[in-house]
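Notes for the one structure printed next.
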Amino acid sequence: MVTLASEPGALDLFWFPMSIFIAGMILSLTRNPIKIQKMGVILAIIGTIFVAISPFTIPTSPSSSFGQLILFLIGPTILLIFANLISINGNKNEYLQTFFIILALSWIILIWIIGPQFNNSNNQFWLLWVISIQIISAIILFSQAYLEEKTNAKILFFFLGVSILLLNEETLDIPNASRELFIKSSGTISGVILGILIGLIIWFYTIQKLHSLEEDLEMDKDLTPDEKDLLLTKLNEDLKWLEKFEGEKNE
């Protein structure tokens, strides 16, 4: 609170909102009452807004370059959400849905061509995100080419994947193309995937280990006569209530 009151910095205007966003996502995605999940969504939105405006609130902080990335992605994300809502609601307006998708992709491509700057240098978070999307898209297209049965479709998907990868070839004089950053991004993606797999393996191993340490359940001893009478009385009361409920339901 002293930091918040005296001189707000990256801790207050970036990392604190980031922790609010993470806490909100946990509350909204885990098994909680509806009210708690809604509160989690609100916290996630508030955290996202404060992180997105960090380039304006703390322009000298290196952390704000990530906030700039979030700010750039808000517009295309909203357009893609609109396109998804149109398909979910059963609206037959495919032209409007296609328009939103094309506009979102054009938005991202335009920012990539312009080359966003932060503190007089390229925003490395943005370039890393764009190249990562290119690599993932190329992998999906190559997988689709492998799964397709028609030869023409295989060739089409294969060349589309190669074309996306060529966007980072420096010799083609494409704006913001970087072969070195492409290699770094590939390593980052591989590291993230490997880390997630290792984390899942450790998680499942820990759960299995905890279950194996549990003691076997012991059966209760035989019921006493008083306990038997109490149990039978309770069962009879439940059966009578059930018969009464079924009768009222049939009426």
Label zone at Ala10 (point 7 Å along Cα-to-Cβ), backbone N below 20 Å, region 115-136: 117-129
Linear extension gain, Asn120 paired with Val41, 0.36 nm per residue minus alpha-carbon span: 25.0 nm
Carbon/sulfur fraction of accessible area - region 69-125, other protein chains in place, 1.4 Å, %: 69
Interchain or long-range residues, amide H under 5 Å from Asn122's placed H: none
FRET efficiency, 1/(1 + (r/R0)^6) with R0 45 Å, evaluated for Phe204 and Tyr95 via beta carbons: 0.45
Surface per residue (accessible, 1.4 Å probe) for region 85-143, Å²: 66
Vicinal HN-Hα couplings computed from phi for region 70-75 (Karplus, 6.51 cos²θ - 1.76 cosθ + 1.60; Hz; Gly/Pro x): 4, 4, 5, 8, 4, x
Contour minus Cα-Cα distance for Ile196 and Ser87 (0.36 nm per residue): 36.1 nm
Heavy atoms of Met39: accessible area, 1.4 Å probe, square angstrom to 10: 90
Residue-wise HN-Hα coupling along region 51-61, computed from phi with Karplus coefficients 6.51, -1.76, 1.60 (Hz; x: Gly, Pro): 5, 5, 8, 4, x, 9, 7, 9, x, 8, 7
Positive minus negative residues near Asn236 (Lys, Arg vs Asp, Glu; Cβ under 12 Å): -2
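The values are calculated or read from the model by the stated rules, or taken from the named source; none is laboratory data. Since the structure is predicted, the reported quantities are computational estimates derived from the model, not experimental observations. Methodologically, a virtual Cβ is constructed for each residue, glycine included, from the backbone with ideal geometry; neighbour enumeration extends over all protein chains shown. Surface areas here come from the heavy atoms of the whole protein model, side chains and all, with no ligands, DNA or RNA. Shrake-Rupley method; radii C 1.70, N 1.55, O 1.52, S 1.80 Å.
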